[in-house]
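S.K.: Please read through the structure below; I'll follow up with questions.
Read-outs: derived from the displayed coordinates by stated rules, not from any lab. Quick caveat: nothing in here was measured; it's all calculated off a predicted structure. Neighbour counts run over all protein chains shown; Cβ positions are idealised from the backbone, glycine included.
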Amino acid sequence: MSIKRRLSLKNQKISYEKKFELMDKEALATIILAIFITVAFWLAIWLLKDFHTTLLKMPLWFTVSCIGGYLLSVVGVIVLVKYFMYNFDLDNDEDEDHEH
């Protein structure tokens, strides 16, 4: 199944339980990204704390951790939305079948 087809589930009938499974996967991917960004932030501080170099008139560790962390977050969210988030309605498709 291609990525575009996999991520666009809007016109497909999906059980309510399957929707929650998909949301759990999205949440897990988001948590993993958040942990990765946090580790990268603190790792940049720890690795660069002894450098007395400045970048943009700020200590190197600060610039790399804050600006780099922001850029990493933006790229991470783009990757999450493009490859891990699904497009579907949360409405219960099974209830609609019973109404008609």
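S.K.: Which of the peptides 65-72, 47-54 is most tightly packed, and how do the rest follow, going by the mean number of other Cβ atoms within 10 Å of each residue?
M.R.: Taking the mean over residues of other Cβ atoms within 10 Å, the ranking is 65-72, 47-54.
S.K.: Still on this structure, please answer the following. List the residues whose amide H sits under 5 Å from the amide H of L55, counting only those 5 or more places along or on another chain, with H placed 1.01 Å from N in the peptide plane.
M.R.: Long-range HN contacts for L55: L60.
S.K.: Starting from the 7 Å offset along Cα-to-Cβ, what nm value, one decimal, do you get for the label separation of L9 and W42?
M.R.: That separation, rounded to one decimal, is 3.3 nm.
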